[in-house]
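Structure first, then comments.
Taken together, the values in this text are just the output of simple stated rules run on the coordinates, not laboratory data. Remember, it's a predicted structure, so these values are computed and weren't measured experimentally. Here Cβ is always computed from backbone atoms with ideal geometry, including for glycine, and neighbour counts include all displayed protein chains.
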Amino acid sequence: MELNQLTAHELLDKLRSKQVASGQILDSLYARIEAVEPKVKAYARFKPGNTQANGLAGLLPVTVKDNICTEGLNTECCSKILCGFRPPYDATVISKLKKSGNAIFPLKANMDEFAFGSSTENSSFGPTHNPWNLECVPGGSSGGSAAAVASDEAIWALGSDTGGSIRQPASFCGVVGLKPTYGRVSRFGLIAFASSLDQIGPITKDVEDAAILARIISGYDPNDSTSVNQDLPDYTDSLGKDIKGVKIGIPKEYFIEGLDPEVKLVIEEAIKKLESLGAVSKQVSLPHTQYAVPVYYIVATAEASSNLARFDGVQYGYRAKSDSLIQMYKKTRAEGFGEEAKRRIILGTFALSHGYYDAYYLRALKVRTLIKNDFDAVFKDFDCIITPTSPTPAFKIGEKTADPLQMYLSDIYTISVNLAGIPAISIPCGFSKSGLPIGLQIMAKPFNEGMLFRLAHAFEQSTQWHKVKPRL
Amino acid sequence: MAIDKGTVEQVAHLARIELGPGELEKLSRQLHDILGFIDKLSVLNIAMVEPASHILPISNVLREDEVRTCLTVDQALENAPSKNGNFFSVPKVIE
């Protein structure tokens with residue numbers, strides 16, 4: 001095995017015992033990137049031959065999504081409107097990584113513009129390709145992070161998750177992805193999409209790496225007023241524990257028409273495996289599941305329309321030429337935003353506008369309460385909930401771009417988690433007949449990431465799906 | 001609830017986005033479909049339900065009113081498309 005193929009915890013062991021030096025790890029990463037990046041396109045602004053190791057400070061390089069601010073390093077949300085933007089400061093997660101001795105990889109991961117998408121096709125740098133089948137999407141919006149980890153072009157990575165943007169690409173690419181509890185990880189320096197939903201989380205090759213990386217980036221931060229000052233356990237303590245008697249709820253609303261039969265079969269096998277390890281499962285109901293997607297596309301777009309008002313050609317990024325201020329705003333935003341960004345800003349502005357606010361925005365907030373209550377009720381009797389991460393394996397590039405509603409529906413199993421603010425993880429649990437990875441989603445009570453790691457690790461260690469690598 | 005071209009045009013103006021004629025046509029059609037889907041929320045009885053703007057049981061997060069280190073003027077201006085001295089520069093606002 002090459003060094004770039006190893007997990008972070010394997011490499012940390014080798015670094016500590018001085019079997020390898022961090023420069024060797026970088027060299028192997030760069031060699032891999034030069035070889036496969038022209039096919040995968042996981043990184044924004046990558047230029048062949050431009051990857052000479054330049055003596056990064058720190059132990060292990062972390063690949064970072066293009067919407068997380070890195071001081072002095074381009075952070076453009078893969079949007080023309082932020083072209084050339086170099087943040088004058090680090091996001092809190094980046095400072096925490098640096099403080100813990102890790103290095104920030106100088107190439108940033110590709111994404112859907114402003115995290116608006118489920119396929120990484122909405123990037124101003126063009127789409128990322130799925131390492132398991134280059135004709136397929138890697139999922140999104142953190143598709144670059146997931147594809148980089150799956151193709152061994154990254155050791156581990158950070159993504160962001162507003163409606164599934166970590167878990168769905170992790171599922172499509174056969175890697176591990178965690179969305180922490182809302183309030184667990186500071187969003188200071190994350191370029192905001194929907195502030196009541198956004199969380200930063202790890203995308204990794206195995207569960208142990210996710211536990212290590214999640215621990216590093218989590219914790220209270222006075223710079224984020226939604227950050228919660230709550231005990232932060234060492235998640236690696238949850239690894240290697242048995243799962244005897246753990247109570248799993250299987251929501252019937254997730255196993256209905258629209259779920260690919262192959263995915264259904266693989267998920268059912270996974271549940272049997274967990275039962276054989278001592279967990280007990282029972283069918284439960286989350287009755288408002290079908291309302292999650294419509295609620296999300298009101299709440300998320302309303303918040304996005306407000307958050308993206310700051311991109312007006314004045315403080316940073318792209319500015320269109322015009323003699324009048326208002327025309328400058330309008331032209332800048334017309335030329336700087338891609339199609340999906342415009343669609344969401346206009347939908348969100350509509351939902352918040354006079355005459356429509358009560359019918360759309362307020363109604364959506366109320367239904368959000370119902371969705372959260374569904375989870376509270378189930379978690380009174382169950383430790384976790386298990387579902388597929390996505391109703392299908394990765395779809396073809398171009399398959400859903402003409403119909404935004406079809407694209408929105410691909411997030412049907414991940415969105416409720418963000419609306420309810422709970423943590424969830426996606427782990428590899430098998431493959432379709434055509435060789436595409438399938439992901440298992442585990443959800444837990446707020447601030448109970450430890451339960452996710454315990455169950456995910458027990459499953460992973462008894463199955464080995466995470467050891468299978470794509471052939472590129 | 002339907003959305004017509006006039007409404008989309010008005011909302012795009014509020015959002016400060018210029019739309020070309022083809023774009024307006026296409027977007028109106030797409031938003032009409034999306035809102036049609038969202039209208040399924042109207043079947044629920046929500047009269048007695050409290051809205052959830054976010055899920056944490058916290059509100060009015062305050063901090064001490066103390067001077068803290070922040071970006072310098074130069075740092076704040078370094079990404080500006082156009083600047084003049086200590087200011088962002090924009091096209092003339094007052095006629």
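Loop-located trypsin sites (Lys or Arg not before Pro) in the stretch A:240-317 (DSSP state not H, G, I, E or B) with no more than 13 neighbouring Cβ atoms inside 10 Å: A:Lys244. A straight line joining the Cα centroids of the stretch A:12-45 and the stretch A:94-151 runs 16 Å.
Working from label points 7 Å from Cα in the Cα-to-Cβ sense, the A:Tyr220 to B:Asn86 distance is 3.6 nm. A simple charge model with +1 on the Cβ of Lys and Arg, -1 on the Cβ of Asp and Glu and nothing else charged puts the dipole of chain A at about 400 debye relative to its Cα centre. Between B:Gly85, B:Ile34, B:Leu44, the Cα set farthest toward the positive side of the dipole of chain B (charges on each charged residue's Cβ, about the Cα centre) is that of B:Ile34. Peptides A:148-158, A:93-103, A:423-433, ordered by how many other C-beta atoms sit within 10 Å of their residues on average, highest first, read A:148-158, A:423-433, A:93-103. In chain B, the longest principal axis of the Cα atoms and the axis of helix B:21-38 are about 60 degrees apart. Legend: calculated FRET efficiency, B:Asp74 to A:Lys272, from the Cβ-Cβ distance at R0 = 60 Å, rounded to 0.05, equals 0.45.
Within chain B, the longest run free of exposed loop sites, counting trypsin sites (Lys or Arg not before Pro) that sit outside DSSP helix and strand states (H, G, I, E, B) and have at most 10 other Cβ atoms within 10 Å, spans B:1-62. Averaging Cα coordinates gives a centre for the stretch A:289-318 and one for the stretch B:1-28; these two points are 17 Å apart. In chain B, Cα pairs under 8 Å separated by at least six residues give a relative contact order of 20 percent.
For chain B, a Gaussian network of Cα nodes joined below 10 Å ranks B:Val43, B:Val61, B:Val73 by mean-square fluctuation, and the top entry is B:Val73. P(r) tail, the stretch A:112-189: Cα-Cα pairs separated by more than 19 Å, 29% of all pairs. For chain A, how big is the tail of P(r) above 29 Å, as a whole percent of Cα pairs? Of all Cα-Cα pairs in chain A, 43 percent lie more than 29 Å apart. Modelled label positions at A:Arg310 and A:Lys467, each set 7 Å beyond Cα in the direction of Cβ, lie 4.6 nm from each other. For chain A, the share of DSSP beta bridges that are antiparallel, to the nearest 5, is 65%.
Here is the list for the stretch A:168-261: GluC sites (Glu not before Pro) lying in DSSP coil, each with at most 11 other C-beta atoms within 10 angstrom of its C-beta, are A:Glu257. Other protein chain C-beta atoms within 10 Å of residue C-beta, averaged over A:359-365: 5.
Computed about its Cα centre, the charge dipole of chain B is approximately 120 debye, with only Lys, Arg, Asp and Glu carrying charge at their Cβ. Given R₀ = 30 Å, FRET efficiency for A:Glu34-A:Ser322 by Cβ-Cβ distance, to 0.05? For R0 = 30 Å, the calculated efficiency reads 0.10. For the pair A:Asn229 and A:Gln19, the difference between a 0.36 nm per residue extended length and the Cα-Cα distance amounts to 71.7 nm.
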